[in-house]
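I have placed the structure first, in the form of structure tokens, so that the comments after it can refer back to it.
What follows draws every value from the coordinates through simple rules; no lab data is involved. Predicted model, so just to flag it, every value in this text is computed and none were measured. As a convention, Cβ positions derive from the backbone with ideal geometry for all residues, glycine included, and neighbour counts pool all protein chains shown.
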Amino acid sequence: MASNEVVVDGEVVHCIGCGAAVQTIDKNMIGYTPESALKKGLENGEVYCQRCFRLRHYNEIAPVSLSDDDFLKLLTKIASTDSLIVYVVDIFDVNGSMIPGLHRFVGDNPVLLVGNKLDVLPASLKKNKVKDWLRQRANAAGIRPIDVELISAKTNFDIDRLLDQIEKYRKGKDVYVVGVTNVGKSTLINSIVRQSTGIKELITTSRFPGTTLDRIDIPLDDGKLLVDTPGIIQPEQMAHHLVGKELKLVTPQKTIKPKVYQLNPEQTLFFGGVARFDYNSGDKKHGFTVYAENNLYIHRTKLVNADAFYASHVGNLLTPPSEENKTNFPPLEMHEFKTTRKSDVVIEGLGWVTVPADVVVSGWAPKGVSVLIRPAMI
């Protein structure tokens, strides 16, 4: 136990927003809470660290001193438990949501795979198709889930069904909720708590990666625990390259409205300045359907001019990234595909473009962010 941790009645006090041990000494360390705020929080039974307070009330994010290794150490303890693992992924960023070597963290415990953010997918997308695709992606990553559920933690869609499935599969065991940062784990747990107790927004949530800093234990009716674990930092996520308001322009906030662009060969679409799509070659003009955040600026230009256009306009016309962030933004890398059937070119964390058969296309994304091709979902 660290000497600066606040102890009441022999128990270390934890922030109920992020799980960090509360301390009143060092403003730059996790868990810092001013004495006055601590006193007030103890009186009303809701102690929040200053970071969570600012995040909840002002949407400000403060840097923290917890490293990737600290996150991993917290998660490796799960393998020795006898529990149900609820593994949350972002339907819109499945590759970026996958935890490399998940089996090392969960051991022999059963895994219930949960696809979150269903609310942003177009209604024309069939749920069973999405479930099958999610299971295939999990299997390819070496994960064999006992079941797959689709939810929207934000809108509470199918939370009741998920609760029933958790109860069915946990068989009286503790439940650990795991996932990479920014997939909506804490939003999901808040929904579960709200459905069960009526308490709103117990756990700090935001669009910023890495909001939960330590495990948060929530008692279940039978004395077992629902545990929110810190999200594993996944550097390949698009969200890690964006700041503040930029995230809102890239992460879908509402149901996506598909946009169709009629492109000739050797034409390019820019998605702000964060990604790019090229129609390299094909026998004629084709319609390409874009599925991305409705407010993201999309600009069409000629392929021959694309590199120069990007260099001239990234950070102003092509935004995000902002002018301030463009020097920190990774260069875009090209991924070329030749299609043999109707397919989706997926730029992880941003969306996808549905393309026809027998064309050559390229998807560009920040270095490290995945671009992949799959059979068309719609």
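Tabulated data
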{"read-out": "C-alpha long axis of helix 185-197 to longest principal axis of the chain, angle in °", "value": "50 degrees"}
{"read-out": "Long-range amide H partners of Asp147 with built H, under 5 Å", "value": "Leu113"}
{"read-out": "Residue range of the chain that is longest and free of trypsin sites (Lys or Arg not before Pro) which are both DSSP loop and sparsely packed (at most 14 other C-beta within 10 Å)", "value": "28-125"}
{"read-out": "Magnitude of the charge dipole, the chain, Cβ model with Lys/Arg +1 and Asp/Glu -1, debye to 20", "value": "1320 debye"}
{"read-out": "Summed residue charge, Cβ within 12 Å of Thr155's Cβ, Lys/Arg positive, Asp/Glu negative", "value": "+1"}
{"read-out": "The chain, helix-only ellipticity at 222 nm - DSSP H runs n ≥ 4, -39,500 (n - 2.57), divided by all residues, nearest 500", "value": "-6500 deg cm²/dmol"}
{"read-out": "Relative intensity, log₁₀ I(q)/I(0), of the range 249-375 from a Debye sum that treats every alpha carbon as a point, q = 0.15 Å⁻¹", "value": "-0.64"}
{"read-out": "Entries in Lys185/Lys367; Lys127/Lys185; Lys117/Lys257 that, when Cα-Cα distance is taken, lie over 19 Å", "value": "Lys185/Lys367; Lys127/Lys185"}
{"read-out": "Crossing angle, helix 159-170 versus the chain [Cα axis fit, 0-90 degrees, rounded to tens]", "value": "60 degrees"}
{"read-out": "Positive-end residue of Asn182, Met334, Pro258, charge dipole of the chain with Cβ unit charges", "value": "Pro258"}
{"read-out": "Degrees, to the nearest 10: 127-140 long Cα axis against longest axis of the chain", "value": "80 degrees"}
{"read-out": "Partner lysines for Lys245 [C-alpha distance under 17 Å; skip if fewer than 8 residues away on the same chain]", "value": "Lys254, Lys326"}
{"read-out": "Net charge of neighbours whose Cβ lies under 12 Å from the Cβ of Val304, counting Lys and Arg as +1 and Asp and Glu as -1", "value": "-2"}
{"read-out": "The range 74-144: relative contact order as a whole-number percent, Cα under 8 Å and 6+ apart", "value": "38 percent"}
{"read-out": "Global size of the chain as Cα Rg and Dmax, reported in angstrom", "value": "22.0, 75"}
